[in-house]
Amino acid sequence: MTKKQEFVPREIREKPLYELESVEDIPVSELYQVKVNGKEQRVYHTEFFDFVSFLDENEKAEVEVTVNEPFQKAVIRPAAAQIPFKEEGNKISISLPAGKRITLELDDKLESPLYVLPGKYIPKPENAESSVCDQ
């Protein structure tokens, strides 16, 4: 049986925990490097997980993850998706079907998962007066 992480309550704050001016203010992961279809992607790091987001334009994405620390076992979640992958040394290769979001867990550590988050391009509606991007 998997051991659950302990819930640690935080005190209520007047200000946000993080104040960001741009996505560039999110730190870069030191644990993971990711290429999608051969193109290097920025991998972000938070206190609880690392993540990579990319534009999902094909029927599947060839995802190559380089792990910068030694590990024994890799698991793709959700397990029910049964997404195959190959391990070669510190590299993990995944053929990710279009639209599938997954997490990569190493050595059953719930503290350092990598979330792989493909997304679709959504064009700005023609009748929109303004958007978040315009502000």
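The numbers here are math on the coordinates, done by the rules we state, and not lab data. In this text the structure is predicted, and so the values were computed from the model without any measurement. Counting neighbours? That spans all protein chains shown, and the Cβs are built from the backbone with ideal geometry, glycine included.
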Given springs between every Cα pair under 10 Å in a Gaussian network model of the chain, which of G38, G119, G99 has the largest fluctuation? G38
Straight-line reach from K100: which lysines fall under 30 Å, measuring Cα to Cα and dropping same-chain residues less than 8 apart? K3, K4, K35, K39, K60, K73, K86, K91, K109, K120, K124
Among L104, N58, G89, whose Cα lies farthest out toward the positive end of the dipole of the range 24-120, if unit charges sit on the beta carbon of Lys, Arg (+1) and Asp, Glu (-1)? N58
Largest-first principal axis extents of the Cα set of the chain (Å): 51, 44, 27
Could you check the spin-label model distance between L17 and L31? Points 7 Å from the Cα along Cα→Cβ, value in nm. 1.6
Cβ crowding within 10 Å averaged over residues, with 120-126, 108-114 ranked highest first: 108-114, 120-126
Using alpha-carbon positions, the gyration tensor of the range 53-94 gives root eigenvalues a ≥ b ≥ c; with a/c under 1.5 called rounded, otherwise prolate if a/b exceeds b/c, else oblate, the class is oblate
Under a GNM of the chain (C-alpha, springs under 10 Å), which listed residue has the highest mean-square fluctuation: E30, E47, E19? E19
So which trypsin sites (Lys or Arg not before Pro) in the range 21-99 are both in a DSSP loop and have at most 12 other Cβ atoms within 10 Å of their Cβ? K73
Mind checking the full-extension length gain between T66 and L117? Use 0.36 nm per residue of separation minus the Cα-Cα distance, one decimal, nm. 16.7 nm
Once you have the Cα-Cα distance between S95 and A81, take 0.36 nm times their residue separation minus that, and quote the gain in nm to one decimal. 3.8 nm
